[in-house]
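First the structure, in the form of structure tokens, and then the observations on it.
A short reminder: the numbers here are calculations on the coordinates, not readings from a lab. Just so it is clear, the structure is predicted and the values come from calculations on it, not from any experiment. Virtual Cβ from ideal backbone geometry, glycine too; neighbours counted across all protein chains shown.
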Amino acid sequence: MNFAIFKAMLLNIGLLVLIAQVLAGFRVVRRIIVYEEESIRDQILLIVIFSAITVISNYTGYSVKGAIANTRIIGVMTSGFISGPVVGLIVGLVGAVHRYLIDVGGFTTLACSISTFLGGIVAATLFRYVKVNKYRARDLFLITFIIESIQMLLILIMSKPFEEAFLVVKEIFLPMTIFNSIGMVLFTGIFKNVINEQENQIGRKVGLSFDITKQCLPILKSGEYNKESCAKMGEIILDFSKDLAVVFTNRDTILSISGDLGLLKEASGLPDIAREVMDKKEVIVVEDASEDDIFHRPLKNMIAIGAPLVKWKQVFGTIIIFSRKHRISYQSQIYFADGLSKLLSTQYELADMEKQKELLIKSEYKALQSQINPHFIFNSLNTISSFVRENPDDARELLIALATYFRNSIKNKDALVSIYEEMEYVDAYLQLVKARFGDRLTITMHIGDKIDCQIPSLIVQPIVENAVIHGAMTRKMGYVDIRVRDKGDYALISVEDNGPGIAVSIIEGLDSEDDNIEGVGLANVHKRLKYIYGEDNGLKIKSTSSGTRIDLRIPKIGPKDLER
């Protein structure tokens with residue numbers, strides 16, 4: 001065994017790790033790595049960097065009987081795993097062509113060139129898999145080991161005479177497969193740390209938006225959106241986020257400026273970023289402004305991130321957060337601004353809903369709306385906050401579920417939605433309670449395809465909530481099964497749990513006019529179904545000591561048929 005090969009491979013891998021450490025220290029490289037949407041300019045820069053690494057690996061390789069023991073494959077495959085298919089394929093092609101040109105007609109030249117480009121193809125193909133699995137060490141090791149083994153096989157097949165090819169493979173197989181596989185894990189790990197650092201920062205920002213919303217709840221509950229309320233919220237945001245400034249606007253002018261923006265404390269009018277945010281209804285990042293814009297001077301040293309505040313699908317204002325320029329990435333700030341604006345918007349909608357409750361005609365629907373209570377909000381926020389520390393990706397998914405839940409919760413009582421929209425709302429609720437109760441709760445949901453049925457909004461969730469809280473979760477291990485089936489003239493929605501059953505007195509009291517009875521949530525849904533669809537279409541309940549099944553029969557009728 002030639003230990004000189006092992007020594008050379010070890011030195012080359014050490015060199016690559018050192019290069020990776022240096023590259024990861026450059027702000028521009030870190031920014032490109034963590035930013036998912038790379039520009040053409042960014043891709044060109046990455047192609048140049050990784051191609052240079054690949055070429056260097058060709059020259060620093062150790063010559064073995066006409067072959068070169070090298071670390072070329074590490075640069076090729078890392079480029080694909082980190083930067084995507086385009087960069088991976090081009091770097092693979094550059095590495096293959098260069099390997100061919102430095103030893104034209106060489107003993108193993110063709111086999112090594114082909115395997116190099118093959119490495120680029122594999123990295124491009126497995127880019128999504130490796131990224132989704134967060135650059136798992138065992139995946140990187142195994143993929144590299146397989147590619148290097150294929151290279152050895154190609155040398156045996158393509159290099160003649162076979163006896164010499166066999167001797168070469170015998171010398172270089174172990175050092176190249178083992179060391180390059182380990183080197184891939186180490187080299188990619190440097191860039192993985194940059195990505196992890198960014199994801200952790202995003203997770204902290206998502207958690208921060210919840211903490212800020214909790215502190216702002218007393219202001220938000222009033223539903224007031226004016227200079228005084230915005231100034232108070234701005235100060236709270238600055239205290240938590242440590243950003244440079246926070247600005248709130250309505251559709252016409254600036255309402256408050258918190259933080260240091262120079263001479264802008266009494267500024268009026270509407271900055272360009274606010275207009276753009278309201279027009280596009282999305283988060284906007286601005287690094288400079290025209291000379292006649294209100295924010296021209298502050299944006300010389302700061303960056304502004306604006307997000308819309310939306311109520312009843314209408315933009316009523318914007319929140320603009322100012323941060324320092326020249327950050328590695330603004331992604332965490334974008335997530336922060338987006339999440340915070342959505343939470344504030346939701347709370348303003350809830351405040352509006354509270355004000356409008358007294359105008360609702362049907363007391364049944366008031367009771368349904370009142371089920372959206374602070375306990376559920378705080379339970380959900382606390383659950384998501386715990387996920388932020390452990391799993392930021394799941395926290396973002398739960399944030400989306402919470403936004404979906406609130407958005408559907410405040411729909412008009414008379415709104416008809418598709419059965420799939422209603423079940424989306426139910427699914428959002430179940431995601432939140434599943435995150436809260438964990439393995440204690442098993443949920444199954446089966447929804448038929450192409451069920452053309454309109455359903456009154458908020459009709460299924462109270463039934464599901466009853467099954468979870470008063471049924472499944474009274475057991476050590478609970479389950480809830482939800483099925484939606486097409487029955488021709490109607491859709492049948494069944495909710496089943498393994499709880500202790502519903503008391504006979506509650507079932508018999510579904511038609512009672514007393515709003516203080518037990519099971520008021522079920523009674524409200526029961527009476528609402530009968531009011532809309534007729535006396536024969538209330539809840540059908542089968543309950544025993546081992547579980548309960550509730551059926552909702554939804555006739556397939558249109559909006560005109562529901563006008564009463």
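Debye sum, Cα scatterers, the range 223-354, no solvent: what log₁₀ I/I(0) at q = 0.19 1/Å?
-1.06
Filter 205/281; 214/311; 192/214; 281/325 down to the pairs with a C-alpha to C-alpha distance above 29 Å, please.
On the way: 205/281 21 Å; 214/311 19 Å; 192/214 33 Å; 281/325 24 Å.
Flagged as over cut-off: 192/214.
Go through 134-146, 460-472 and give me the packing order, highest mean Cβ count within 10 Å leading.
On the way: 134-146: 17.1, 460-472: 22.5.
Per-residue Cβ counts within 10 Å, averaged per peptide and sorted highest first, yield 460-472, 134-146.
Tell me what the chain gives for mean residue ellipticity at 222 nm when only DSSP H runs of n ≥ 4 count, each as -39,500 (n - 2.57), the sum divided by the residue total, rounded to 500 deg cm²/dmol. It would help to have the intermediate numbers written out before the result.
Details: 19 runs with 323 residues, N = 564.
Helix contribution divided over all residues of the chain: -19000 deg cm²/dmol.
So how far apart, in nm, are the two label points at residue 40 and residue 174 if each is 7 Å from Cα heading toward Cβ?
The answer from the label model is 5.0 nm.
Suppose every K and R has +1 on its Cβ and every D and E has -1 on its Cβ; what is the size of the dipole of the range 223-354 about the Cα centre, in Debye to the nearest 20?
Working: 16 positive and 21 negative charges, 60 e Å.
In total the dipole reaches around 280 debye.
With r as the distance between the Cβ atoms of residue 505 and residue 390 and R0 = 30 Å, compute the FRET efficiency 1/(1 + (r/R0)^6) and round to 0.05.
Working: r = 43 Å, r/R0 = 1.45.
The formula returns an efficiency of 0.10 here.
Can you pull the one-decimal nm distance between simple spin-label points at residue 354 and residue 18, each 7 Å off the Cα toward Cβ?
Modelled inter-label distance: 6.4 nm.
Which residue, 238, 225, 92, has the largest displacement toward the positive end of the dipole of the chain when charges sit on each Cβ (Lys, Arg +1; Asp, Glu -1)?
Projecting each Cα onto the dipole axis, the largest value belongs to 92.
At what distance in nm do the modelled label points of residue 186 and residue 546 sit from each other, each positioned 7 Å from its Cα along Cα→Cβ?
Each label point is offset 7 Å from its Cα along the Cβ direction, giving 6.1 nm.
In debye, nearest 20, what is the charge dipole magnitude of the chain about its Cα centre with +1 on Lys and Arg Cβ and -1 on Asp and Glu Cβ, if you could check? Before the final figure, lay out the partial values.
Values: 64 positive and 65 negative charges, 269 e Å.
Dipole of the chain, to the nearest 20 debye: 1300 debye.
Only sites in a loop by DSSP and with at most 14 other Cβ atoms within 10 Å count here; which GluC sites (Glu not before Pro) in the range 1-69 make the cut?
Loop-located and lightly packed - 36, 37.
List every DSSP H helix in the chain whose Cα atoms extend 18 Å or more along the helix's own long axis and whose mean Kyte-Doolittle hydropathy is at least -1.0.
Working: long enough: 3-24 (32 Å, 2.19); 40-59 (28 Å, 1.45); 85-101 (24 Å, 1.58); 109-125 (24 Å, 1.59); 137-158 (31 Å, 1.85); 162-222 (85 Å, 0.47); 227-241 (21 Å, 0.10); 331-357 (39 Å, -0.66); 374-390 (24 Å, 0.15); 392-409 (25 Å, -0.18); 419-437 (26 Å, -0.05); 520-533 (19 Å, 0.02).
Taking the DSSP H segments of the chain (at least 18 Å long, mean hydropathy at least -1.0), we get 3-24, 40-59, 85-101, 109-125, 137-158, 162-222, 227-241, 331-357, 374-390, 392-409, 419-437, 520-533.
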